[in-house]
Structure formats: structure tokens, C-alpha cells
Amino acid sequence: MSTQPTQLARPLLPGGRSGRLLTASNLVFTLGSGMYLTAGVLYFTEAARLPAGQVGFGLAGLVPLVLGIVVGHLASPGRRYHSPSGTPLAGPAPLHASWKL
């Protein structure tokens, strides 16, 4: 007795059209990100001749983290950020002096 691939995948997919659409878009995003990072590493190490440590730091290290914070602040210019104690923050939360870890 053979089972169809759709029967095996059915418990993994959410019900409803919007859930399946979100699952499909997440799959496309994940595959695209993986291909981008793989191609980026190959390009920077082989064509641009950068050391692997520099490439790793640039693609998956501190640089994307800081850029994500900056782009997040640019995307919501009127929003005010607060520390866990409720103190308003002027800059990115992890980099501000009143941030308590």
C-alpha cells in the first residue's frame, strides 16, 4: 500500500487558504535567502578574493545586525523605544547607555 506525497504533507500544512499562502511564501523566502547567502559566499571568496572570516562577518555577523537596527528605525521614524525599565531611548536599544541587560 503506497501513500501519496500529498497525504504525507497534509498534517504539516495549516488549514485554510491564508495559512497555506503564508507557508508557501515562507518556503520561497527561505529558499531565496539560502541561495543568496550561498551565492554571496562563493562570489566574495572566489571572485572578490576576500578571506572567509571577512565574508562571514559581513554576511552573517555584526554588520547585518547593526543594519537591521538602523533600517528598523528608518522604517518607523515616529515610534519611540523604551528600555525594560520604561526609560525612553533615543538610539537603538542595544547600543543605548540606559539599556539594562
Checklist entry - Which number comes out as Rg/Rh for the stretch 18-60 once both Rg and the Kirkwood Rh are worked out on C-alpha atoms? => result 1.22
Checklist entry - What FRET efficiency, computed as 1/(1 + (r/R0)^6) with R0 = 25 Å and r the Cβ-Cβ distance, is obtained for Glu46 and Leu22, rounded to the nearest 0.05? => result 0.10
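Bear in mind these aren't lab numbers, they're just calculated from the coordinates by the rules spelled out. In this text the structure is predicted, and so the values were computed from the model without any measurement. As a convention, Cβ positions derive from the backbone with ideal geometry for all residues, glycine included, and neighbour counts pool all protein chains shown.
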